[in-house]
Amino acid sequence: MLTYTSSTSIDAPAEAIWLVLSDVVRWPKWLPTVSQVEPLDGNFLRLGARFVVHQPKLRPATWTVTEIAEPGRFVWVARSPGLHMVADHTVTQDSPVASRVVLRFSFGGLLGGIIGRMFGSVTQSYLAQEGASLKERVESSRRFTAE
């Protein structure tokens with residue numbers, strides 16, 4: 001599988017990051033790489049839950065949650081003929097007041113390598129934007145509530 005990764009340090013406990021990251025239906029409010037998330041099986045992450053994600057420059061994709069370990073990780077997959085995509089979202093606590101978020105996106109299947117390379121720059125850009133946007137969202141909300 002062709003995999004792209006982005007890592008971001010966020011000044012917040014893992015639970016605070018998880019509250020924002022796991023609320024995928026609200027991603028379009030703060031995440032410029034997602035324009036709409038349509039829940040097909042309820043608004044919350046759980047095994048087997050499906051969400052249609054609309055992103056600029058990309059076709060909508062239906063993502064199915066395949067792994068979840070609150071408050072640290074969820075994985076979802078999307079499939080189309082010849083293509084298997086995996087998005088892995090991991091939050092680890094580095095200290096009582098700081099955590100690391102690692103976002104991984106993998107392309108597999110018969111067409112995975114070709115499509116992964118074709119969309120490599122978009123994928124890398126989106127992962128970096130997503131990490132930076134999550135950091136801004138979490139840290140700014142913590143500053144606001146601390147005042």
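Per-structure values
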| item | result |
| --- | --- |
| Options 97, 75, 101: the member that is among the β-branched types (Val, Ile, Thr), surrounded by fewer than 16 Cβ atoms within 10 Å (Cβ to Cβ), out of contact with any Cys (no Cβ under 7 Å at 6 or more places or on another chain) and more than 13 Å from residue 3 (Cα to Cα) | 97 |
| Qualifying residue in region 137-144 (condition: modelled with pLDDT of 95 or more, under 19 Å from residue 22 (Cβ atoms) and of a type outside the set (Asp, Glu)) | yes |
| Which numbered condition residue 110 misses (of (1) surrounded by 13 or more Cβ atoms within 10 Å (Cβ to Cβ); (2) touching a Gly at 6+ places or on another chain (Cβ under 7 Å); (3) modelled with pLDDT of 95 or more) | (1) |
| Subset tally (residues that are of a type in the set (Gly, Ala, Ser) and under 17 Å from the mean Cα position of the chain (by Cα)) for region 75-115 | 4 |
| Hey, residue 88 outside any strand (DSSP E or B), modelled with pLDDT of 95 or more and on the phi < 0 side of the Ramachandran plot or not | no |
| Filtered residues of region 78-94 (kept if farther than 20 Å from residue 128 by Cβ and buried (at least 18 other Cβ atoms within 10 Å of the Cβ)) | 78 |
| Tally of residues being touching a strand residue (DSSP E or B) at 6+ places or on another chain (Cβ under 6 Å) and of a type outside the set (D, E, K, R) across region 63-97 | 20 |
| In region 1-29, residue nearest to residue 98 (Cα to Cα) [restricted to those that are of a type in the set (Gly, Ala, Ser) and assigned to a strand (DSSP E or B)] | 9 |
| Residues of region 91-132 satisfying the condition of being aromatic (Phe, Trp, Tyr) and part of a helix (DSSP H, G or I) | 126 |
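The values are calculated or read from the model by the stated rules, or taken from the named source; none is laboratory data. It should be emphasised that the depicted structure is a prediction, and the values quoted were computed from it without experimental measurement. Cβ: placed from backbone, ideal geometry, glycine included. Neighbour counts: every protein chain shown.
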